[in-house]
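Worksheet: the structure to be examined is printed underneath.
The values are calculated or read from the model by the stated rules, or taken from the named source; none is laboratory data. Values in this document were obtained by computation on a predicted structure and should not be read as measured data. No Cβ is skipped: glycine too gets one built from the backbone with ideal geometry, and neighbour counts run over all protein chains shown. When the accessible area is computed, the model is the full protein with side chains, heavy atoms only, and any ligands, DNA or RNA have been set aside. Shrake-Rupley method; radii C 1.70, N 1.55, O 1.52, S 1.80 Å.
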Amino acid sequence: MPSREEMWEQVPEEVDLVVIGGGITGAGIVRDAARRGLRVALFEQNDIAYGTSSRSSKLIHGGLRYLESYEFSLVFESVSERRVVMDLAPHLVNPLAFLFPVYQGARKSLRMISAGMWLYDGLALFRSPRRHKTLKPSEVAAEEPLLKQEDLQGAPVYYDCSTDDARLTLETIIDATRNGGTVVNWARVEALTKGDQGRISGVVVKNQRDNSLREVKAHTVINATGPWTDEVLGMSGPRKGKVLRPTKGIHIVVEREKLPVEHAVVLFHPTDKRVLFALPWGERTYVGTTDTDYDGAPGEEAATLEDVDYLIAASNYYFPTKQISRDDVISTWAGLRPLIAPEPEVGEMSESQVSREHQILIGEDGLITIAGGKLTTYRKMAKECVDVAVNLLKLSDKLPADIQSGQTFKFPLPGAVGWPEDDDHARVAADLAGQCDSGLSEEVGRHLVDTYGMRALELAKLCEADPSLAEPIVPGRAEIMAQVDFGVREELAASVSDVMIRRTQIFFRDLQQGLGSVEKVAARMAQLIGWSDEERQKSIDGYKAEVALSQRWREEL
Ligand SMILES: Cc1cc2nc3c(=O)[nH]c(=O)nc-3n(C[C@H](O)[C@H](O)[C@H](O)COP(=O)(O)OP(=O)(O)OC[C@H]3O[C@@H](n4cnc5c(N)ncnc54)[C@H](O)[C@@H]3O)c2cc1C
């Protein structure tokens with residue numbers, strides 16, 4: 001894998017397709033296009049998955065709640081893609097049991113919800129990660145003992161999947177580069193260039209590291225910039241109105257012992273009855289999410305005190321013996337849903353009612369824009385979007401002759417190559433220990449396998465060659481210094497935030513959000529990348545600013 005700097009040097013002068021935006025949507029597109037044999041380059045203004053794609057609820061799910069609004073096609077598409085993504089990345093997409101407690105006086109009876117579960121499993125053609133079951137109140141008490149028992153009628157347990165959203169995006173990008181795609185992070189598209197009859201002919205890209213500019217000619221350009229969609233559409237020319245109605249969602253993270261849930265528990269908020277979840281996350285639990293209109297600049301969204309209190313209130317209502325407080329919140333994250341604004345004639349709609357469906361738009365200048373959708377359905381969205389690009393290329397006689405079908409459903413992502421069919425993470429970790437003398441503890445070996453899948457062996461080998469790389473990044477935690485090296489050398493990491501937030505999850509999980517280790521990480525990155533003292537300090541400051549943003553709600557106290 002070329003480093004981020006090498007990628008920038010290798011950007012071709014002319015390509016068939018430029019993709020703007022390195023979230024999951026852009027990642028899916030560049031992978032699909034590269035696998036079809038198109039000459040494709042993707043530019044991301046910050047890090048891979050910097051936007052919504054590292055700030056989701058981290059679920060690959062069918063969206064059970066959309067059954068209530070009869071959005072069967074959305075649910076069908078999502079449960080079908082859930083299966084596909086499970087097969088593409090079994091090391092990253094793990095079945096998770098959801099417990100759905102139903103209380104007396106609930107909007108829907110236990111019987112109706114159970115019927116909905118059959119429909120949910122049926123739409124998945126009974127290929128759900130596991131079949132649902134319904135627990136009696138006494139069984140719920142045994143399986144989720146801290147949950148409020150009063151007025152409980154029973155609880156269906158159904159299955160969706162958890163994932164690491166940023167890593168799913170990154171592995172999709174890595175697969176694209178292995179198939180000939182060019183991907184540069186920290187490279188912002190500043191302008192679109194136009195040729196004959198005002199048609200888009202390429203982009204001007206700024207290297208965010210040294211502010212140098214480069215023009216890349218492209219026969220087609222796709223705007224896959226999530227919450228930045230309208231900003232990039234503005235580069236295409238003046239516009240009336242906006243395509244998006246972005247809404248903000250936040251999550252809070254607490255130590256597992258403060259809220260030890262055994263399942264992902266579905267909660268209806270006691271005040272507005274919105275659905276949210278308390279989710280088990282190894283040594284942590286997170287609660288989310290909110291859904292509120294947002295009109296600020298993307299990238300500056302943050303949890304407010306009101307958001308945090310809203311989630312705490314829901315948790316404390318359903319787990320009365322485990323009251324959590326503001327002091328228990330380790331970290332927060334906030335993201336923007338790039339939802340398509342409903343047409344005015346549809347009338348007033350609450351945030352949660354806005355459709356999650358995606359749309360592909362083609363501008364008069366040929367700019368293709370894709371917006372909306374979900375992490376879960378990214379692969380299918382990407383395929384549809386590349387189909388549109390291929391048609392445009394065909395119309396302009398620019399389609400390369402030797403184009404193939406991408407078949408992105410078929411090829412595992414890099415960490416899944418050689419992954420066992422029984423999906424036994426523990427056995428892969430045990431095999432890993434036997435394959436090289438890295439001296440890593442069982443806990444660290446398992447952490448590497450859960451994070452990198454079969455690529456964990458490459459990290460273990462780094463430790464075998466240089467035992468200092470087996471040192472933990474944060475004392476007492478499982479992440480190791482080899483992950484910093486691997487991040488820079490194999491995964492395009494180019495800032496301290498890239499490593500702490502998206503190559504590892506130290507930012508979310510560590511009690512100090514990794515602030516105690518930031519100098520050490522920056523020093524190692526400076527050696528690997530060749531930073532000056534000034535660049536090293538800038539990267540440290542950038543990370544501290546991210547931590548401060550996630551804690552900004554405390555200023556309201
Ligand atoms: C709170 C929340 C919870 C969610 N939970 C789930 C879930 O559990 N499951 C699920 O399936 N979906 C979920 N979603 C939806 C899902 O996360 C999003 O649909 C998806 O991540 C959007 O990806 P994207 O690539 O379109 O946008 P983004 O991930 O935001 O990517 C767009 C990228 O474009 C880049 N960019 C912008 N302008 C430029 C430019 N000029 N040049 C270069 N790059 C540029 C940005 O930096 C950004 O990285 C959730 C969303 C939210 C907000």
Scan the strands (runs of 3 or more DSSP E) fully inside the range 143-233 and keep the ones with 3 or more residues being within 16 Å of the ligand (Cβ to nearest atom), without any contact (Cβ under 8 Å) to a residue 60 or more places away in the chain and open to solvent by less than 10 Å² (accessible area, probe 1.4 Å). none
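Given the options LEU92, LEU125, name the one that is open to solvent by less than 20 Å² (accessible area, probe 1.4 Å), in a loop (DSSP other than H, G, I, E, B), hydrophobic (A, V, I, L, M, F, W, C) and more than 25 Å from ALA314 (Cβ to Cβ). So that I can check it myself, show each step before the final result.
Details: LEU125 fails: open to solvent by less than 20 Å² (accessible area, probe 1.4 Å).
Every option except LEU92 fails the conditions.
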Being modelled with pLDDT under 95 and crowded, with 21+ Cβ neighbours inside 10 Å is true for just one of VAL140, VAL75. Which residue is that? VAL75
Kindly establish whether VAL275 is of a type in the set (A, V, I, L, M, F, W, C), at pLDDT 95 or above and either within 11 Å of the ligand (Cβ to nearest atom) or surrounded by 14 or more Cβ atoms within 10 Å (Cβ to Cβ) (or both). no
Those residues that are closer than 30 Å to ALA314 by Cα, open to solvent by 50 Å² or more (accessible area, probe 1.4 Å) and in contact (Cβ under 8 Å) with a residue 60 or more places away in the chain, I need them from the range 338-383; list them, please. GLN353, GLU357
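When the residues of the range 36-63 are narrowed to those that are more than 12 Å from the ligand (Cβ to nearest atom) and either under 17 Å from SER355 (Cα atoms) or among the charged types (D, E, K, R) (or both), which ends up surrounded by the fewest Cβ atoms within 10 Å (Cβ to Cβ)?
Of the range 36-63, the ones more than 12 Å from the ligand (Cβ to nearest atom) are 36-40.
If we keep only those that are either under 17 Å from SER355 (Cα atoms) or among the charged types (D, E, K, R) (or both) as well, we get 36, 39.
Details: ARG36: 24, ARG39: 18.
Of everything passing the filter in the range 36-63, ARG39 is surrounded by the fewest Cβ atoms within 10 Å (Cβ to Cβ).
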Flag for GLY288 being open to solvent by less than 10 Å² (accessible area, probe 1.4 Å), within 16 Å of the ligand (Cβ to nearest atom) and either without any contact (Cβ under 8 Å) to a residue 24 or more places away in the chain or closer than 26 Å to GLN551 by Cβ (or both): yes
Would you mind telling me which numbered condition in (1) of a type in the set (Val, Ile, Thr); (2) touching a residue at least 40 places away in the same chain (Cβ under 8 Å); (3) more than 12 Å from the ligand (Cβ to nearest atom); (4) open to solvent by less than 10 Å² (accessible area, probe 1.4 Å) THR332 fails? (3)
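Condition check ((1) within 30 Å of GLU257 (Cβ to Cβ); (2) small (Gly, Ala, Ser); (3) at pLDDT 95 or above) across all residues:
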position	(1), (2), (3)
LEU459	yes, no, yes
ALA482	yes, yes, yes
LEU492	no, no, yes
SER495	no, yes, yes
ILE501	yes, no, yes
THR504	yes, no, yes
ALA522	no, yes, yes
TYR543	yes, no, yes
GLN551	yes, no, yes
